[in-house]
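The values are calculated or read from the model by the stated rules, or taken from the named source; none is laboratory data. All values derive from a computational prediction rather than experimental measurement. We place every Cβ from the backbone using ideal geometry, glycine too, and count neighbours over all the protein chains shown. All accessible areas refer to the heavy atoms of the entire protein, side chains included, with ligands and DNA or RNA removed. Shrake-Rupley method; radii C 1.70, N 1.55, O 1.52, S 1.80 Å.
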Amino acid sequence: MDRRISPRRLSGTVQPPPSKSVCHRALIAAALGSGVSRVSPVEPSADILATIRVLRAFGAGVLLEGGAAVVQGLAGRALPRAEVDCGESGSTLRFCLPIAAALGTEASFFGSGKLPERPLTPYWEALPSKGISLDSKHLPLTVRGKLTPGRYCLPGNISSQFITGLLYALPLLDGPSEIVLTTELESAPYVDITLEVLAAYGIEVVKTPSGFSVPGPQRYKASDYRVEADYSAAAFFLTAGALSGEVTCLGLSENSMQGDRAIVPLLQKLGADIRREGGAVTVRASSLHGAEIDGGDIPDIVPILCVAAAAAQGETVIRHIKRLKIKECDRAAAMIDGLTRLGADIREEGDSLRIRGGVPLHGAVTEGWNDHRIAMCMAVAGLLCSGDTVIRGTECVKKSYPAFFEDYCMLGGKADVISLG
């Protein structure tokens, strides 16, 4: 599906969807427990539906009703065999693979899009010595065996999702385990979310100087969990407010563990006019200026910060971007391609992106790169252009924010569906 974006001023109030990162984790914890849990609200995005498919394949009951998920936990009684389609969700695959191993479920994992190309090396290196066989280094693959407790050494600089997967699996084992990080942990806020959700479901994890200590065996307890709004999704409309109007996003907890809550102070660093009243964050159109930004812990919001930087006077440098290259696409290359087509001055230098802002932008035909965050970024960038911008393949937003373009138009945007043939 292609869309034509016309320059408009976005203004109004929007409720971002529930946090995808939190929702994945709450659903999994609920499925591993005993009894019935309720997770709400739940946005049935493609990634969340992938996790639900896997949990059902393991034997959990998950019923979507009234914007919530009612989950009948496994209570240790997983099915012996499962075939699971992870879609394009890296979180689903990396979280659930070690869980299958801990449950003793022989599980065949499949995926689509770029998922078969995304790395699984930490599991390939750590799990075989703990009773598990993996018949491939990439999807499709089958996991066989029963995970044993012990010492797990993993790098922290590839993806925190591997750490999260083990933090869910290890409490199920019949003895204590330890995760030892062999490199510094990147995207640490995502692990903080994991620990917060695990604690809500009765699971104890102890941080150590070298990683994490996980007692075992433990039991997941049923819990009703309220999912907060998603800062990653809100980032697009908060940035749009700074560029073109005045936008308020609701339900954004000031005390959130989400690393992408950094969008608020980072927009302020670029000069945005922001006010917060409880969970409501309002951003007004502002005169932005360049700044230096560390992107190491925030790969999901670096692309939209590139759009803000393109509108700012002066130069912005975003450092530590290497993790952008192993997401749904190479997001650094995608943003360089898209913004350059619109006339922006953006280039990659080593592990950094350098954007010279304030250059007039014009309409062009751009690509969504089958990446939800790139498509949403280009829709916001189109607000800055002197003419219409076309984005090819915008259906990819269903991965995390199916209602993005409905909300975009509700705020005054114009995003017509067209066909380029």
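The single condition among (1) in contact with a strand residue (DSSP E or B) (Cβ under 6 Å, 6 or more places away or on another chain); (2) at pLDDT below 95 that Ala188 does not meet is (1). Pairs meeting the criteria (first residue in region 89-105 and at positive phi, second residue modelled with pLDDT of 95 or more, beta carbons under 6 Å, at least 6 apart or on different chains) are Gly104/Lys146. Considering only region 87-111, state which residues are of a type in the set (Gly, Ala, Ser) and farther than 17 Å from Glu328 by Cβ. Correct list: Ala100, Ala101, Ala102, Gly104, Ala107, Ser108. Out of the residues in region 227-245 that are over 16 Å from Gly279 (Cβ atoms) and hydrophobic (A, V, I, L, M, F, W, C), state the one that is most open to solvent (accessible area, probe 1.4 Å). Only one residue tops the list, namely Leu243. Per this entry, Leu115 is not counted among residues that are of a type in the set (A, V, I, L, M), under 23 Å from Glu328 (Cα atoms) and modelled with pLDDT of 95 or more. Would you confirm whether any residue within region 56-67 is touching a residue at least 60 places away in the same chain (Cβ under 8 Å), within 19 Å of Lys399 (Cβ to Cβ) and open to solvent by 40 Å² or more (accessible area, probe 1.4 Å)? No - not one qualifying residue is present in region 56-67.
Residues in region 359-384 that are more than 20 Å from Leu420 (Cα to Cα) and part of a loop (DSSP other than H, G, I, E, B) were compared, and the one that is most open to solvent (accessible area, probe 1.4 Å) is Pro360.
Restricting attention to region 246-263, which residues are touching a helix residue (DSSP H, G or I) at 6+ places or on another chain (Cβ under 7 Å), in a helix (DSSP H, G or I) and open to solvent by less than 30 Å² (accessible area, probe 1.4 Å)?
The answer is Gly259, Asp260, Ile263.
Output yes when any residue across region 339-346 is farther than 19 Å from Ser11 by Cα, small (Gly, Ala, Ser) and open to solvent by 40 Å² or more (accessible area, probe 1.4 Å), and no when none is. Among the residues of region 339-346, not one is farther than 19 Å from Ser11 by Cα, small (Gly, Ala, Ser) and open to solvent by 40 Å² or more (accessible area, probe 1.4 Å), which makes the answer no.
Once region 394-413 is narrowed to residues that are open to solvent by 20 Å² or more (accessible area, probe 1.4 Å) and within 26 Å of the chain's Cα centre (by Cα), the residue that is nearest to Asp337 (Cα to Cα) is Glu395. Residue count for region 155-177, restricted to those that are modelled with pLDDT under 95, open to solvent by 20 Å² or more (accessible area, probe 1.4 Å) and of a type outside the set (S, T, N, Q): 2. Please go through region 47-93 and give me each residue that is touching a Cys at 6+ places or on another chain (Cβ under 9 Å) and of a type in the set (Lys, Arg), ordered by number. Arg53 - this is the single residue of region 47-93 that is touching a Cys at 6+ places or on another chain (Cβ under 9 Å) and of a type in the set (Lys, Arg).
Taken over region 68-102, the residue count meeting the criterion of being among the polar types (S, T, N, Q) and surrounded by fewer than 24 Cβ atoms within 10 Å (Cβ to Cβ) is 2.
Within region 178-205, restricting attention to residues that are closer than 25 Å to Arg118 by Cβ and assigned to a strand (DSSP E or B), which residue is least open to solvent (accessible area, probe 1.4 Å)? Among those residues, the one meeting the criterion is Ile179. Taken over region 337-353, the residue count meeting the criterion of being within 24 Å of the chain's Cα centre (by Cα), of a type in the set (A, V, I, L, M, F, W, C) and not in a strand (DSSP E or B) is 1. I'm checking my understanding of the structure. Among residues of region 302-314 that are within 24 Å of Asn157 (Cα to Cα) and in contact with a strand residue (DSSP E or B) (Cβ under 7 Å, 6 or more places away or on another chain), which one is surrounded by the most Cβ atoms within 10 Å (Cβ to Cβ)? Looking at residues that are within 24 Å of Asn157 (Cα to Cα) and in contact with a strand residue (DSSP E or B) (Cβ under 7 Å, 6 or more places away or on another chain), I get Cys306. For Arg356, the conditions (1) assigned to a loop (DSSP other than H, G, I, E, B); (2) over 26 Å from the mean Cα position of the chain (by Cα) are fulfilled apart from (1).
Quick check on region 183-199. Is at least one of its residues of a type in the set (Phe, Trp, Tyr), in contact with a Gly (Cβ under 7 Å, 6 or more places away or on another chain) and within 17 Å of Arg94 (Cβ to Cβ)? There is at least one residue in region 183-199 that is of a type in the set (Phe, Trp, Tyr), in contact with a Gly (Cβ under 7 Å, 6 or more places away or on another chain) and within 17 Å of Arg94 (Cβ to Cβ).
Whether any residue in region 297-317 is part of a helix (DSSP H, G or I), within 25 Å of Met257 (Cβ to Cβ) and of a type in the set (Gly, Ala, Ser) is what I want to check. The answer is yes; a qualifying residue exists. Residues in region 315-335 that are open to solvent by 40 Å² or more (accessible area, probe 1.4 Å) and under 22 Å from Glu292 (Cβ atoms): Glu315, Arg319, His320, Lys322, Lys325. Checking region 48-57 against the condition returns no match, with no residue being assigned to a strand (DSSP E or B) and of a type in the set (Gly, Ala, Ser).
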